[in-house]
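Asker: Let me begin by handing over the structure; questions about it come next.
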Amino acid sequence: MTIAADAPEQESWFHRNQQRIAPWLFLAPGLLFFMVYVIIPVFQSFNLSLYEWDGLGAAEYVGARNYEDLYWEWVDRDAFYISLKNNLIWLILYLAAIPAGLFIALFLNQTVWGIRLYKSLFFFPFVISQVVVGLVFTWFYDPTFGLLNELLGLFGLGPLNVLGDERFVTYGIIFAGLWPQTAYCMILYLTGLNAVDPEQIEAGRLDGAKGARMLWHIILPQLRPATFIAFVVTIIGALRSFDLISIMTQGGPFGSSRVLAYYMFEVALSEYGFRMGYGAAIAVILFLIMLCFIAYFLWSMYREERGH
């Protein structure tokens with residue numbers, strides 16, 4: 001007579017799928033915060049841009065009137081036009097931080113005497129506050145005692161009021177912003193260089209590749225993830241530039257250094273503004289510009305991954 005073996009216990013649904021569920025459990029807190037503090041405010045900004053509201057009383061629905069006002073400011077080359085133009089200048093010139101960070105990282109990746117000191121000096125701008133950067137460059141540009149004019153005086157050139165001249169003020173602030181942004185890109189590339197395959201470099205040397213050819217054909221293709229992050233972060237930094245402008249010029253002189261983020265603050269939250277719906281419309285425009293650039297880079301990276 002045979003005794004039937006005990007039937008195995010049925011595993012619960014959670015035990016059968018725990019490998020699939022575990023990543024989502026770890027991601028859940030971050031996704032919750034992202035939803036509450038990013039996604040929901042984005043939709044609230046879209047909704048608020050359709051209203052006229054001073055932040056205290058009842059909101060009045062005005063439809064697309066805030067966007068129409070922005071359009072006519074752009075046509076008449078008023079404050080919105082100046083802000084948008086300055087943002088485009090920021091976007092183009094700020095990208096110089098990427099090649100600058102790359103070449104500094106290539107230099108710091110060498111094994112030479114005192115390299116730790118050099119790394120500390122180049123890393124320093126990244127860890128200090130943007131407020132400090134703004135104050136340092138405000139003193140640097142000062143027409144009476146600033147170091148810039150002291151250097152110009154050595155060549156017999158007159159004092160230059162960078163932050164007080166409409167022609168130079170935007171470029172002066174961008175130069176100040178490039179200092180910490182280049183340090184950030186340098187850190188990204190230093191991390192990427194640590195992951196470069198030494199066997200590919202050795203194979204390239206055996207094939208006669210060196211210098212620019214080695215960099216272009218062997219090193220840069222392996223730095224694509226770092227380059228992608230550097231592009232996205234730099235573009236976002238250029239489009240949402242606010243703190244340096246607030247510290248160095250407050251949008252002056254005569255509003256010539258405004259960007260969209262600072263103009264949004266002026267019309268919505270400053271003592272002369274309280275046009276919340278109009279400020280939200282500017283925020284929506286800024287968000288859509290960022291979204292276009294980031295979507296383009298994500299699509300480009302997706303196509304490259306599929307090509308491989």
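Residue-wise test of (1) free of Cβ contacts under 8 Å to residues at least 60 places away in the same chain; (2) closer than 29 Å to residue 53 by Cα; (3) of a type in the set (S, T, N, Q).
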{"residue": "210", "(1), (2), (3)": "yes, no, no"}
{"residue": "220", "(1), (2), (3)": "yes, no, no"}
{"residue": "236", "(1), (2), (3)": "yes, yes, no"}
{"residue": "252", "(1), (2), (3)": "no, yes, no"}
{"residue": "290", "(1), (2), (3)": "yes, yes, no"}
{"residue": "297", "(1), (2), (3)": "no, no, no"}
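Asker: Out of 107, 126, 137, report the one residue that is under 14 Å from residue 187 (Cα atoms) and under 22 Å from the mean Cα position of the chain (by Cα).
Answerer: 126
Asker: Filter the range 143-167 down to the residues that are of a type in the set (D, E, K, R) and more than 19 Å from residue 247 (Cβ to Cβ), then identify the one that is farthest from the chain's Cα centre (by Cα).
Answerer: Within the range 143-167, the subset of a type in the set (D, E, K, R) is 150, 165-167.
Pick out the ones that are also more than 19 Å from residue 247 (Cβ to Cβ) and you get 150, 167.
Values: 150: 33, 167: 25 Å.
Across the range 143-167, the extreme among qualifying residues is 150.
Asker: Count, please, the residues in the range 147-158 that happen to be farther than 16 Å from residue 137 by Cα and either in contact with a helix residue (DSSP H, G or I) (Cβ under 9 Å, 6 or more places away or on another chain) or not in a helix (DSSP H, G or I) (or both).
Answerer: Of the residues in the range 147-158, 4 are farther than 16 Å from residue 137 by Cα and either in contact with a helix residue (DSSP H, G or I) (Cβ under 9 Å, 6 or more places away or on another chain) or not in a helix (DSSP H, G or I) (or both).
Asker: Now for a separate question. Out of all the residues in the range 248-307, which are surrounded by 16 or more Cβ atoms within 10 Å (Cβ to Cβ), hydroxyl-bearing (Ser, Thr, Tyr) and not in a helix (DSSP H, G or I)?
Answerer: Within the range 248-307, 249, 256, 257 meet the criteria.
Asker: Could you tell me whether any residue of the range 222-230 is of a type in the set (Phe, Trp, Tyr), within 25 Å of residue 59 (Cβ to Cβ) and in contact with a helix residue (DSSP H, G or I) (Cβ under 7 Å, 6 or more places away or on another chain)?
Answerer: No - not one qualifying residue is present in the range 222-230.
Asker: Now for a different question. For residue 59, which of the numbered conditions (1) more than 15 Å from residue 266 (Cβ to Cβ); (2) surrounded by 15 or more Cβ atoms within 10 Å (Cβ to Cβ); (3) out of contact with any Phe, Trp or Tyr (no Cβ under 6 Å at 6 or more places or on another chain) fails to hold?
Answerer: It fails just one condition, (3).
Asker: Select from the range 117-131 the residues that are surrounded by fewer than 15 Cβ atoms within 10 Å (Cβ to Cβ) and among the aromatic types (Phe, Trp, Tyr) and list them in ascending order.
Answerer: Scanning the range 117-131 gives a single hit, 124.
Residues are listed down the side, and each one gets a yes or a no for (1) over 21 Å from residue 252 (Cβ atoms); (2) in a helix (DSSP H, G or I); (3) modelled with pLDDT under 95:
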residue	(1), (2), (3)
82	no, yes, yes
92	yes, yes, yes
101	yes, yes, yes
110	yes, no, yes
117	yes, yes, yes
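Asker: Can you tell me which residue in the range 178-234 is surrounded by the fewest Cβ atoms within 10 Å (Cβ to Cβ), limited to those that are outside any helix (DSSP H, G or I) and within 28 Å of the chain's Cα centre (by Cα)?
Answerer: Of everything passing the filter in the range 178-234, 195 is surrounded by the fewest Cβ atoms within 10 Å (Cβ to Cβ).
Asker: Next question. Please work out which one of (1) at pLDDT 90 or above; (2) not in a helix (DSSP H, G or I) is the condition residue 71 fails and give its number.
Answerer: It is condition (2) that residue 71 fails.
Asker: Hey, does the range 49-64 have a residue that's closer than 20 Å to residue 257 by Cα, free of Cβ contacts under 8 Å to residues at least 40 places away in the same chain and assigned to a loop (DSSP other than H, G, I, E, B)?
Answerer: So far as the range 49-64 goes, no, none of its residues is closer than 20 Å to residue 257 by Cα, free of Cβ contacts under 8 Å to residues at least 40 places away in the same chain and assigned to a loop (DSSP other than H, G, I, E, B).
Asker: Checking residue 127 against (1) modelled with pLDDT of 90 or more; (2) among the hydrophobic types (A, V, I, L, M, F, W, C); (3) over 30 Å from residue 212 (Cβ atoms), which single condition isn't satisfied?
Answerer: Going through (1) modelled with pLDDT of 90 or more; (2) among the hydrophobic types (A, V, I, L, M, F, W, C); (3) over 30 Å from residue 212 (Cβ atoms) one by one, residue 127 breaks only (1).
Asker: From the residues in the range 132-164 that are surrounded by fewer than 12 Cβ atoms within 10 Å (Cβ to Cβ) and among the small types (Gly, Ala, Ser), which one is farthest from residue 234 (Cα to Cα)?
Answerer: Here the answer is 156.
Asker: Please tell me if residue 20 is more than 31 Å from the chain's Cα centre (by Cα), surrounded by 11 or more Cβ atoms within 10 Å (Cβ to Cβ) and at pLDDT below 90.
Answerer: no
Asker: Something else now. Look through the range 235-247, keep the residues that are of a type outside the set (Lys, Arg) and assigned to a loop (DSSP other than H, G, I, E, B), and return whichever of them is surrounded by the most Cβ atoms within 10 Å (Cβ to Cβ).
Answerer: Of everything passing the filter in the range 235-247, 241 is surrounded by the most Cβ atoms within 10 Å (Cβ to Cβ).
The values are calculated or read from the model by the stated rules, or taken from the named source; none is laboratory data. Worth saying up front: this structure is predicted, and the values here are computed from it rather than measured. Virtual Cβ from ideal backbone geometry, glycine too; neighbours counted across all protein chains shown.
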